[in-house]
1. Just wondering, is there one or more residues in region A:290-308 that are closer than 18 Å to A:Val105 by Cβ and of a type outside the set (Asp, Glu)?
2. Among the residues of region A:195-216 satisfying the criterion of being open to solvent by less than 10 Å² (accessible area, probe 1.4 Å) and away from chain B (no Cβ under 14 Å), which is modelled with the lowest pLDDT?
3. For region B:63-95, which residues satisfy the criterion of being without any contact (Cβ under 8 Å) to a residue 12 or more places away in the chain and surrounded by fewer than 18 Cβ atoms within 10 Å (Cβ to Cβ)?
4. Being free of Cβ contacts under 8 Å to residues at least 60 places away in the same chain, part of a helix (DSSP H, G or I), buried (at least 16 other Cβ atoms within 10 Å of the Cβ) and within 12 Å of chain A (Cβ to nearest Cβ) narrows it down to one of B:Leu192, B:Leu219, so name that one.
5. Could you please give the count of residues in region A:125-147 that are more than 24 Å from B:Met120 (Cβ to Cβ), within 8 Å of chain B (Cβ to nearest Cβ) and not in a helix (DSSP H, G or I)?
6. Out of region A:6-41, which residues are of a type in the set (Val, Ile, Thr) and either surrounded by 15 or more Cβ atoms within 10 Å (Cβ to Cβ) or closer than 18 Å to A:Glu58 by Cβ (or both)?
7. Search region A:179-189 for residues being open to solvent by 40 Å² or more (accessible area, probe 1.4 Å) and within 13 Å of another protein chain (Cβ to nearest Cβ), and hand back the single one that is farthest from A:Thr203 (Cα to Cα).
8. Take the conditions of a type in the set (Asp, Glu) and at pLDDT below 95 and apply them to A:Asp277. Does it pass?
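The values are calculated or read from the model by the stated rules, or taken from the named source; none is laboratory data. For clarity, every value in this text was computed on a predicted model and none was experimentally measured. Every residue, glycine among them, receives a Cβ derived from its backbone with ideal geometry; neighbour counts consider all protein chains shown. Each accessible area value is taken on the protein alone, full model and side chains, heavy atoms only, with ligands, DNA and RNA left out. Shrake-Rupley method; radii C 1.70, N 1.55, O 1.52, S 1.80 Å.
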Number of protein chains: 2
Amino acid sequence: MATLVVPNQTSPLEDAEALHKAFKGWGADNKAIIAILGHRNVSQRQEIRKAYEELFQEDLIKRLESEISGDFEKAVYRWMLEPADRDAVLANVAIRNGNKDYNVVVEIACVLSAEELLEMRRAYHNRYKRSLEEDVAANTTGNLRQLLVGLVSIFRYEGDEVNARLAQTEANILHESVKEKKGNYEEVIRILTTRSKTQLVATFNRYRDEHAISISKKLLDQTSDDFHKALHTAIRCINDHKKYYEKVLRHAIKKFGTDEDGLSRVVVTRAEKDLKDIKGLYYKRNSVHLEDAVAKDISGDYKKFILTLLGK
Amino acid sequence: MATLVVPNQTSPLEDAEALHKAFKGWGADNKAIIAILGHRNVSQRQEIRKAYEELFQEDLIKRLESEISGDFEKAVYRWMLEPADRDAVLANVAIRNGNKDYNVVVEIACVLSAEELLEMRRAYHNRYKRSLEEDVAANTTGNLRQLLVGLVSIFRYEGDEVNARLAQTEANILHESVKEKKGNYEEVIRILTTRSKTQLVATFNRYRDEHAISISKKLLDQTSDDFHKALHTAIRCINDHKKYYEKVLRHAIKKFGTDEDGLSRVVVTRAEKDLKDIKGLYYKRNSVHLEDAVAKDISGDYKKFILTLLGK
């Protein structure tokens, strides 16, 4: 379930005018910006953007960028983009940042549905005049390239069918490949980048049944190069993306100095989808409410905005 | 340009009734079947199928399969499917036939537009309850797998932009990889499975400028294993798919005993698109009209149907 709180009736025209008023004078009225945009769903935000453009012949997102700044600006900017476009931006930034951020690419590729991933690849074309797979491939080599290109390119089958024998065979293949530190990963990559998620979850379950450890935990024993990290993230996202996001939040907050990018990414991306469930998992794991942890960790308008999206 | 000849006005209802009549009695009236279906475009054929189902509570395609046989049946069956569905069937049959037919998979992946390829992958899900990349990957290994999975999975950027420096760099990479018989093909695969077609044609042109031979001809010097054949087909299809199809037709006819699968595939797939251009290329290359060559080579209702689609 979502955390976003949206009033029953809203008017894109009135919202656009209120935002325009909030931009007047020296320094924007950030409270008003948060009160409006922090309580509008994706189609309402797009309507406000359209209304604003028609009323004031100006792009609302550009104006926001010039009015606000820092982590607050970044979070609002991402919140204002359509989801496919936002993910395209996140993926592009991640590729340019290299190694440590490949996980963001894996996360997007493995959490989105087949049609959503495709919509994101379309948005990537429009925005960057290149394909996502092109940029991923040009920045990586070897196993990491094969895994990432495969993950961003797959149009996964989404039926419910499970082939139990195949799950057994491929659980064995995974075991053979990861049991040694310098395994041959060709088959592991094939399995992860082609099978349906339902089938993969069955395979991961078979693995756990036989080896009394989850394949993702087993991978943690391996060398933690970029490839193994990406593999680990892929398996976690496919297995249970909500638990994965809980961990991203936990690490983002626990970090010395907060990882604002990670925090904003999860909150902005999931607020309209399943952030309430993720909050539940967070509380269960940390015995503290996510809002309280966030409130202690960040400050100012950024904090107000994130807490608003968290449904506070 | 197309070769298919379609009358100005047609009625799906009348067509369905006429077909039903043609099926009456012992042995179908194949002439009537050809006179109708051989002169209807893709949307008209789908409308006839719908009208037939409504009128007679029977699937027209299934009925056709029971009424006619041999190469004629196979060609009519493929002609009756929607293009995306037809390509899904062609790809599936090709994968099951293995090695020699991987070229069909490459051809489909490299000739279709990004959106058409995607539509085909959707059709593959619907029909086989698996993804195309899944079946391709499960039946291949090594370089061949990487190339084929990359080609069927790419959502190619289709803008007109050419990066001339990149074309130069990647022409050099291609040269380095193919100059030795046992080259390292990782980068070749990356380039072919990620760059836009416009960019690739620029790269192939740079290669020819510098080495006085086209990259596809150069590849013919190499060992002709499945991987090299697939590579060769991919480059030809991306560079000039009409010339590629002319060659498929030439080989299909020249063969001892005709390759009906190849002949039907090209005629059925291109009749509504650019078969007139392909016919022109055929005449230029062989100094004989494609219709005449075909007429000499095949016979019966199959021949009548193929010639009808060829616009005779």
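1. Within region A:290-308 (the criterion being closer than 18 Å to A:Val105 by Cβ and of a type outside the set (Asp, Glu)), the answer is no, since none of the residues qualifies.
2. A:Ile215
3. Answer for region B:63-95, where residues must be without any contact (Cβ under 8 Å) to a residue 12 or more places away in the chain and surrounded by fewer than 18 Cβ atoms within 10 Å (Cβ to Cβ): B:Ser66, B:Ser69, B:Glu73, B:Val93.
4. It is B:Leu192.
5. 2
6. Within region A:6-41, A:Thr10, A:Ile33, A:Ile34, A:Ile36 qualify.
7. A:Asn184
8. no
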